[in-house]
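Asker: Mind having a look at this structure? Questions to follow.
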Amino acid sequence: MLEGLLIGLQTAMSFQNLAMVIAGCLIGTFIGMLPGLGPMSIIAIMIPIAISMGDPSAALILLAGVYYGAIFGGSTSSILLNAPGVAGTVASSFDGYPMAQQGRAGKALTIAAVCSFAGGTIGAILLMIFAPMLSSVALLFHSAEYFALMVVGLSAIAAFAGTGQVAKAMIMTVFGLILATVGEGALFSLPRFTGGVMDLQSGFGFITLAMAMFALPEALFLVLKPKDAGSVEADITDLRITRVEARSIAPIIGRQSVQGFFIGVLPGAGATIASFLGYAVERNLATKEEQAEFGKGSITGLAAPETANNAACTGSFVPLLTLGIPGSGTTALLLGALVAQTSRLGHG
Amino acid sequence: MALDRWIALILLGICLVYGYTAWFTMDAGLAPFMKRNPIWPSTFPKVLSILGIVACLIILSGVEKSEVKIAEIDYRRLHEYKLGQALLLLALMVAYALCLRPVGFLPSTTAFLFLGAFILGERKWVLMLSVAVIATMIVWYLVQQVLGIYMRPLPGFFGG
Amino acid sequence: MIDEPQIFWAVIMSMFIGNLVLLILNLPLIPYIAKVLSIPRNYLIPFILFFTLMGAYIGQNNATELLILVGFGVCATALKFADYPLAPLLIGFILGGMLENNFARSMQLYDGVSFIWERPMTLGLLVIAAILILLPSYRARRARARAEGVADGD
């Protein structure tokens, strides 16, 4: 392993590959910050460039950089504008946006950056240690387990069922599920509930719904009731995290990077479920006072999904790197790029 | 009756229509071989419609005592807020949606950004116009050149 | 890919470097990025609205999607007035498709719902979900009961 590590370090430190990492991360972050562009579309655009380089490791390094850069930058629009462009950063807006509204935007972005870094790094360490073992475990997961995992992910809604709100949270969840049934399902290739409208054949777009539910009402509220500019201005660029805050975030980083990584390992689960689950789990572990803060600008509520989605992002490379099975839509694109490089993949 | 009850009533109506579609119309066109499956395309919607109806009835019946909370915006005094601006902006968005294809990206986006600021009460004409034009150009460059997503730039009769 | 250790290790090493690069590049930029919020309202709001439209258009590539966006946006605003939580709707939508597909696939495989108790891992996960859903309300109820016992009226 040590030998491999050294070879890897040597390859990664070559001038070309270093340039690829930096370029990939930069492109990923800046495009990821724009609401509405997820890692999928960015990677799809980058693939021709990656292929033209003709070196599989450089191509993969570039695309991987774009991928986690996009998740990293995607939280920015969630936090500042309540406009998540990637499903994996939806949970970051639950607490990140209230924080920004309270004039703590700088702090929220710092926490997001630090937690993403920690999640990604710890995820990479876990990847190094566990990748060979985990590949076989991931294959034990069948559709039944995935179904159960989705139910666990749905349990994150409990966080929004405040006092006297249980029925409201339930009806909203049901309506979300109802909207998901519109269009052609993957399993039944029959269009359902489209009312004969052609444009509904493929169902509603995730970004459309995310924008309509989160960003648009917020913008309309801003129109209806202008906020006093002075109050938000206060310490918007204050980045400092106090020692007390750091102490409350540290255990979350520890737990969520591990949990997020292992969820990410499962093919098809990925950053979205990891972030919802991280949010739900940390809310249950929080003390009563902290729990009341969740959804209203809690730093722990922001740290949990931010750590989890980056760790999951790293974890989704396990099936790709060990078996040649894509763990998510995004890694499927990566795999496509690799196959185009005629590199031998997995055992199959 | 409070607003949340009225909304629950509307949602109940949607659930009933959805449920009717799922229970009585969807299975008719099902191929015979699919009827042997333990799960049909209509199974999940059927369950959802029942869950939705139950949840709506809970809200309507008021079994659950919800604490009266002062929301960020009190809808009963909606007219005291800048409702006109919000409605105009929504109309502008609809107009943008209808114009994007026929009129093209560049003119409609510039007009959208310009009129949006105008509706919100901005009157610095030169600044408004330059911001709108420059932002449109940047987004256009990004979407078209960097991302390679095709959008018709100009009205059709300009050969766009 | 284990067959090609060079790629495997190079990618992992580049992940460390990449994360570090992201942190170092982003931290100094945060004050400037946060300044987005101090853009005057008259300019910020049209841009937010424009980006919601662009996101929907690029995602689905049809103009109908923009009308759907506005329609749902109005509905969502009405729901927000009445204090309905919107996040569960989005969570349900994101997970709904995968939930149904996997459920349907296992139903076909097992010809019924027997997979729920026949597969221990599935059962375990469902139990975890039940705990995650029920625990908060249980804790809230216990806390309320305790508060009433103390009778400090809060």
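The values are calculated or read from the model by the stated rules, or taken from the named source; none is laboratory data. All values reported here derive from a predicted model rather than from experimental measurement. Please note: Cβ atoms are built from the backbone with ideal geometry, for glycine as well, and neighbour counts cover all protein chains shown. We work out accessible area using only protein heavy atoms, side chains counted, and drop any ligands, DNA or RNA first. Shrake-Rupley method; radii C 1.70, N 1.55, O 1.52, S 1.80 Å.
Asker: Report the local net charge at B:PHE44: Lys and Arg +1, Asp and Glu -1, summed over other residues whose C-beta lies under 11 Å from its C-beta.
Answerer: Values: positive: A:ARG192, B:LYS46; negative: C:GLU100.
The answer is +1.
Asker: What does the charge add up to near A:GLY176, with Lys and Arg as +1, Asp and Glu as -1, over the other residues with Cβ less than 14 Å from its Cβ? Working shown, then result.
Answerer: Working: positive: A:LYS168; negative: C:GLU100.
Combined, the nearby Lys, Arg, Asp and Glu give 0.
Asker: What is the extension gain from C:LEU109 to C:ILE24, computed as 0.36 nm multiplied by their sequence separation minus the C-alpha to C-alpha distance, in nm to one decimal?
Answerer: Working: separation 85, 0.36 × 85 = 30.60 nm, distance 4.96 nm.
Gain in length upon complete extension: 25.6 nm.
Asker: With a 1.4 Å probe and all protein chains left in place, how much accessible area per residue does the protein assembly as shown have, in Å²?
Answerer: Working: 26880 Å² over 662 residues.
The answer is 41 Å² per residue.
Asker: Once you put a point 7 Å from the Cα of C:THR64 and another 7 Å from the Cα of C:ALA147, both along the Cβ direction, what distance in nm separates them?
Answerer: 4.9 nm
Asker: How big a patch of accessible area, both sides summed and in Å² to the nearest 100, lies buried between A and C at a 1.4 Å probe? Mind dumping the intermediate values first?
Answerer: Values: alone 17820 and 13910 Å², together 20830 Å².
Buried: approximately 10900 Å² between C and A.
Asker: Grab every C-alpha pair in segment B:3-67, bin the distances at 10 angstrom width from 0 up to the longest one, and report whole percents.
Answerer: Taking all Cα pairs of segment B:3-67, the binned fractions are 21, 40, 22, 13, 4, 0 percent.
Asker: Considering only C-alpha atoms, what is the centroid distance from segment A:64-134 to segment C:103-143, in Å?
Answerer: The two parts, judged by their Cα centres, are 28 Å apart.
Asker: Would you tell me the mean number of C-beta atoms belonging to other protein chains that fall within 10 Å of each C-beta in A:279-288, as a whole number?
Answerer: That works out to 2 on average.
Asker: On the protein heavy atoms, probe 1.4 angstrom, tell me the percent of accessible surface of segment C:85-154 carried by carbon and sulfur. Spell out each step's value before the answer.
Answerer: Working: 2450 of 3890 Å².
Carbon and sulfur: 63 percent of the exposed surface of segment C:85-154.
Asker: Please give, to one decimal in nm, the separation of the simple spin-label points placed at B:ALA2 and C:MET121, each 7 Å out from Cα toward the Cβ.
Answerer: Taking the two extended label points, one gets 4.5 nm.
Asker: What does the highest-first list of A:196-205, A:302-311 look like by mean Cβ count within 10 Å?
Answerer: Values: A:196-205: 16.0, A:302-311: 35.6.
Highest to lowest by the protection proxy: A:302-311, A:196-205.
Asker: In peptide C:118-131, what is the residue-averaged number of other protein chain Cβ atoms found within 10 Å of each Cβ?
Answerer: Numbers: counts 1, 5, 0, 7, 10, 2, 3, 9, 6, 2, 7, 12, 3, 3.
Per-residue shielding by partner chains comes out at 5.
Asker: Still on this structure: When the solvent-accessible surface of protein heavy atoms is calculated with a 1.4 angstrom probe, in what order do C:TRP117, B:TRP125, C:TRP9 fall, highest first? Please list the in-between numbers first.
Answerer: Working: C:TRP117 160, B:TRP125 130, C:TRP9 25 Å².
Largest accessible area first, the residues go C:TRP117, B:TRP125, C:TRP9.
Asker: With N set to the residue count of chain A, report its C-alpha Rg divided by 2.2 N^0.38 Å to two decimal places. Walk me through the numbers on the way to the answer.
Answerer: On the way: Rg = 20.5 Å, N = 348, 2.2 N^0.38 = 20.3 Å.
Compactness ratio reported: 1.01.
Asker: What's the total accessible area buried between chains B and A, using a 1.4 Å probe, rounded to the nearest 100 Å²? Can you show the working numbers first?
Answerer: Details: alone 12180 and 17820 Å², together 26850 Å².
In total, chains B and A hide about 3200 Å² from solvent.
Asker: Let me ask something additional. How big is the convex hull of the Cα atoms of chain C, per residue, in Å³?
Answerer: Details: hull volume 51.4 nm³, N = 154.
Once divided by residue count, the hull of chain C is 334 Å³.
Asker: Would you kindly state how much longer the chain becomes between B:VAL17 and B:LYS46 on full extension, computed as 0.36 nm times their sequence separation minus their alpha carbon distance, in nm to one decimal?
Answerer: On the way: separation 29, 0.36 × 29 = 10.44 nm, distance 1.14 nm.
Answer, rounded to one decimal: 9.3 nm.
Asker: For the protein assembly as shown, just run the numbers: alpha carbon Rg, then divide by 2.2 N^0.38 Å, N being how many residues it has.
Answerer: Working: Rg = 24.6 Å, N = 662, 2.2 N^0.38 = 26.0 Å.
Output field value: 0.95.
Asker: Could you order the peptides B:129-137, A:250-258 from most to least packed, using the average number of other C-beta atoms within 10 Å per residue?
Answerer: Ranking, from highest mean packing down: A:250-258, B:129-137.
Asker: Have a look at A:LEU126, A:LEU239, A:LEU177 and tell me which one the Gaussian network model of chain A (Cα, springs below 10 Å) gives the largest fluctuation.
Answerer: A:LEU177
Asker: Beyond a 26 Å Cα-Cα separation, which of these cross-linked pairs lie in this structure: A:LYS225/A:LYS288; A:LYS168/A:LYS288; B:LYS124/C:LYS35? Show your work: numbers first, answer last.
Answerer: Numbers: A:LYS225/A:LYS288 32 Å; A:LYS168/A:LYS288 22 Å; B:LYS124/C:LYS35 22 Å.
Beyond 26 Å between Cα atoms: A:LYS225/A:LYS288.
Asker: Can you give me the three principal axis dimensions of segment B:81-158 from its C-alpha atoms, in Å, biggest first?
Answerer: Extents along the principal axes, in whole Å: 41, 25, 24.
Asker: Still on this model: If you bin the C-alpha pair distances of chain B every 5 Å from 0, what whole percents do you get?
Answerer: Result returned by the calculation: 1, 7, 10, 10, 9, 8, 8, 10, 14, 12, 7, 2, 1, 0.
Asker: A:ALA246 to A:LEU2: FRET efficiency via 1/(1 + (r/R0)^6), r the Cβ-Cβ distance, R0 22 Å, to the nearest 0.05? Please report the intermediate quantities before stating the final value.
Answerer: Working: r = 33 Å, r/R0 = 1.49.
Here the calculated transfer efficiency is 0.10.
Asker: So what J values fall out for segment C:45-55 if you push phi through Karplus, 6.51 cos²θ - 1.76 cosθ + 1.60 with θ = phi - 60°, rounded to Hz, Gly and Pro as x?
Answerer: 5, x, 5, 4, 4, 5, 5, 5, 5, 4, x
Asker: Here is a further query. Within segment B:1-68, list the chymotrypsin sites (Phe, Trp or Tyr not before Pro) lying in a DSSP loop whose Cβ has at most 10 other Cβ atoms in a 10 Å radius.
Answerer: Values: sites: B:TRP6, B:TYR18, B:TYR20, B:TRP23, B:PHE24, B:PHE33; in loops: none.
In loop regions of segment B:1-68 (DSSP not H, G, I, E or B), there are no sparsely surrounded chymotrypsin sites (Phe, Trp or Tyr not before Pro).
Asker: Could you work out the mean count of beta carbons from other protein chains within 10 Å of each residue's beta carbon in B:88-95? Intermediate results must be reported in sequence, preceding the final value.
Answerer: Values: counts 1, 7, 9, 1, 3, 11, 5, 0.
The mean count of partner-chain Cβ atoms within 10 Å per residue comes to 5.
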